[in-house]
Amino acid sequence: MKKDLSLSALASNAPIINDYDPNAMSVEKAKTWITHFLHNIDQKESIHIKDALHRVLANPVIATMNVPNHDNSAMDGYAINTEQLDEQGPFSLRVTGKLFAGNKLEGTTKEAVRIMTGASMPSDMNAVIPQEYVEVNEDKITFQTKPPAMQNIRRVGEDIMMGQTILQKGRRIEPCDLGLLASLGVGSIEVYRRVKVAFFSTGDEIISLGTPLLSGQVYDSNRYSLIGLLKRMDLETFDLGVIPDDKKIIEDTLKKASEFADVIITTGGVSVGEADYMKDILKKIGEILFWKISMKPGRPLAYGKIGGCHYFGLPGNPVSTMVTFYQFVREALLTLSGQSPINPVPMIKAKLLTPIKKMPGRTEFQRGFFVQDHQGEFKVSAIKDQGSGILRSMTEANCFIVLPESMGSLENDHWVDIQLFDSLF
Ligand code: AMP
Ligand code: MG
């Protein structure tokens, strides 16, 4: 039987969230709601590992061999057999051969063998003395101390053991994983297909690049911020441009996009102004949850569904668009992509270098600039202009100063939580 993924069906199984109030939703509650409606897109594809950076693994990877697959030298030096040595040095041994990585030594080795890093250990040797610790005299080496057995030997399977699960399903592939897979001889892997995200801006006053601005118009900046935000997440994106505040055109665009996209993101038109149609249209063609989040910036937020397609209606103010994307949409997209676990964005404690003005009642994401002082302590200053239309505040900042709902204004030297922009890919 096909699973009923409608909001009403899913909401009936939702964890009971006390005091649900769409006019004053906390950031955490809104996140919990959204998460409840999301499932990863369970469609897989096989790709070569060189194309796999930041893709999400759909099956665990189990090692079918040992890495390394032979005991080998960790140093440039001399392979010896400690069992042939007395307890007390100095020791003097004859060097009877030379071993390079990738080559094999014929026959037995007797006393000592010159060996390079990565070369297979001769079967009758059990330690390597680094060349810095020996004196060489013609074909003899002399050294003072007897090394313990297995010194400076990289053992079979010490990196990866055959049968070991080295990457879990849901893992977002990092550069090191590509190398690790290659070390196992794995050339292709199964990943979830990319999440398809369509997005457009709304507003009669919003103008695309390339057209001269008339008085009262603004260039569409949100779509470009979104392009950047989405690019960092490795998704399949569909830029649908700017749509005027016209119910019919918006409705048609949403319907069409819902046929090919997994997610639609719009900016603007979710406030309570007279041209803010998104809520009405979504009600007509799908389902909508519309919230006034107790956060600043980014008060209005809409989440809905059109058929199987998820909808995020972000507020139009340029800083609000970015903040709501970071706080709600980013994590939702990660969930849809199949990534698991999704670790929360790290919060770091920093000391305020500037006072902060805030009224209790909303979570604020003020833009800040942090530095680390000579003692290693994080210090943060709030950017001077904090208006939700001042996009420059994002460019001047390198972190959010996250101020909880109950908090009021703060003096210098107060400790606050910050989220580094660099941790918000
Ligand atoms: P709205 O959410 O549609 O009421 O828009 C709120 C404010 O954000 C208005 O001042 C809009 O002009 C502005 N705005 C909306 N969309 C964009 C956009 N794509 N680029 C720049 N500013 C925008
Ligand atoms: Mg508008």
Of the accessible area of the chain, computed with a 1.4 Å probe and all protein chains kept, carbon and sulfur make up a percent value of 51 percent
Once phi for every residue in region 301-306 is put through the Karplus expression 6.51 cos²θ - 1.76 cosθ + 1.60 (θ = phi - 60°), the whole-Hz ³J(HN,Hα) values, with Gly and Pro written as x, are 8, 10, 10, x, 9, 10
Expressed as a whole-number percentage, the relative contact order of the chain with C-alpha contacts under 8 angstrom and at least six residues apart is 16 percent
Here the FRET efficiency for Glu83 versus Thr165, based on Cβ atoms and R0 = 41 Å and rounded to 0.05, is 0.65
Expressed in nanometres to one decimal, the distance between label points 7 Å along Cα→Cβ at Asp21 and Ile62 is 5.3 nm
Result for the chain: accessible area per residue, probe 1.4 angstrom, in square angstrom, of 50 Å²
If R0 = 51 Å, then Asn137 and Ser183, at their Cβ-Cβ distance, give a FRET efficiency to the nearest 0.05 of 0.85
Ordered by number, the trypsin sites (Lys or Arg not before Pro) in region 231-291 that occupy a DSSP loop and have at most 12 other Cβ atoms within 10 Å are Arg232
Region 257-328: antiparallel bridges as % of DSSP beta bridges, rounded to 5, reads 70 percent
Sorted by chain and number, the residues with a modelled amide H under 5 Å from that of Arg193, at a separation of 5 or more or across chains, are Gln43, Lys44, Glu45
Projecting the Cα atoms of Thr267, Asn23, Val95 onto the charge dipole of the chain, where Lys and Arg contribute +1 and Asp and Glu -1 at Cβ, the residue farthest towards the positive end is Asn23
The size of the Cβ-based charge dipole (Lys, Arg +1; Asp, Glu -1) of the chain about the Cα centre, to the nearest 20 debye, is 960 debye
Percent antiparallel among DSSP beta bridges confined to the chain, nearest 5, equals 70 percent
Here the tail fraction of P(r) beyond 26 Å, over all Cα-Cα pairs of region 128-243, rounds in percent to 60 percent
HN-Hα couplings for region 373-383 via Karplus (6.51, -1.76, 1.60; θ = phi - 60°), in whole Hz with x for Gly/Pro, come out as 7, 5, 7, x, 7, 7, 10, 9, 10, 6, 5
Computed for region 187-300: size of charge dipole around the Cα centre, +1 on C-beta of each Lys and Arg, -1 on C-beta of each Asp and Glu, debye to nearest 20, value 340 debye
Check: C-alpha center region 382-418 vs C-alpha center region 260-316, spacing in Å is 26 Å
Sorting Tyr133, Tyr277 on solvent-accessible surface, 1.4 Å probe, most exposed first, gives Tyr133, Tyr277
For the chain, whose charge dipole is built from +1 on Lys and Arg Cβ atoms and -1 on Asp and Glu Cβ atoms, the candidate among Ile227, Met347, Ala63 with its Cα farthest towards the positive end is Ile227
Heads up, region 310-349 by the C-alpha gyration tensor (a ≥ b ≥ c square roots of eigenvalues; a/c under 1.5 rounded, else a/b over b/c prolate, else oblate) looks oblate
Whole-Å distance linking the alpha carbon centroid of region 67-101 with that of region 211-245 is 64 Å
With the dipole of region 152-306 defined by +1 on each Lys or Arg Cβ and -1 on each Asp or Glu Cβ, the option from Gly298, Leu180, Gly286 whose Cα lies farthest towards the positive pole is Leu180
By the C-alpha gyration tensor axes a ≥ b ≥ c (rounded if a/c is under 1.5, else prolate when a/b exceeds b/c, else oblate), the shape of the chain is prolate
The size of the Cβ-based charge dipole (Lys, Arg +1; Asp, Glu -1) of region 125-209 about the Cα centre, to the nearest 20 debye, is 480 debye
In degrees rounded to 10, the 0-90 angle between helix 247-260 Cα long axis and the longest Cα principal axis of the chain is 30 degrees
Percent antiparallel among DSSP beta bridges confined to region 14-125, nearest 5, equals 60 percent
Mean 1/r over distinct Cα pairs of region 293-425, inverted to a Kirkwood Rh in Å, yields 15.7 Å
Which residues qualify? For Gly316, with a placed amide H closer than 5 Å and at least 5 residues away or on another chain, they are Gly268, Gly269, Val270
To the nearest 0.05, the calculated FRET efficiency linking Ile342 and Thr145 through their beta-carbon distance, R0 being 41 Å, is 0.20
Checked region 200-263 with the C-alpha gyration tensor, a ≥ b ≥ c its square-rooted eigenvalues, rounded below a/c of 1.5, otherwise prolate if a/b is larger than b/c and oblate if not; verdict oblate
Contact order relative to length for region 256-394, counting C-alpha pairs under 8 Å separated by 6 or more residues, stands in percent at 21 percent
Non-local residues with an amide H under 5 Å from the amide H of Gln386, with H modelled 1.01 Å from N and Pro and chain starts lacking one, are none
Tilt, helix 27-36 to longest principal axis of the chain (alpha-carbon atoms), in degrees rounded to tens, equals 80 degrees
Note: Lys283 to Ser215 extended length (0.36 nm per residue) minus current alpha-carbon separation gives 21.1 nm
Taking Cα atoms, the helix 222-231 axis meets the longest principal axis of the chain at an angle in degrees (rounded to 10) of 20 degrees
With x for Gly and Pro, the residue-by-residue ³J(HN,Hα) of region 49-56, computed from phi through the Karplus equation 6.51 cos²θ - 1.76 cosθ + 1.60 at θ = phi - 60° and given in whole Hz, is 5, 5, 9, 9, 4, 6, 7, 10
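The values are calculated or read from the model by the stated rules, or taken from the named source; none is laboratory data. The shown structure was predicted, so the numbers you read here are calculated from the model rather than taken from an experiment. All Cβ positions, glycine included, derive from the backbone under ideal geometry; neighbour counts span all protein chains shown. Only protein heavy atoms, including side chains, enter the accessible area calculation; ligands, DNA and RNA are left aside. Shrake-Rupley method; radii C 1.70, N 1.55, O 1.52, S 1.80 Å.
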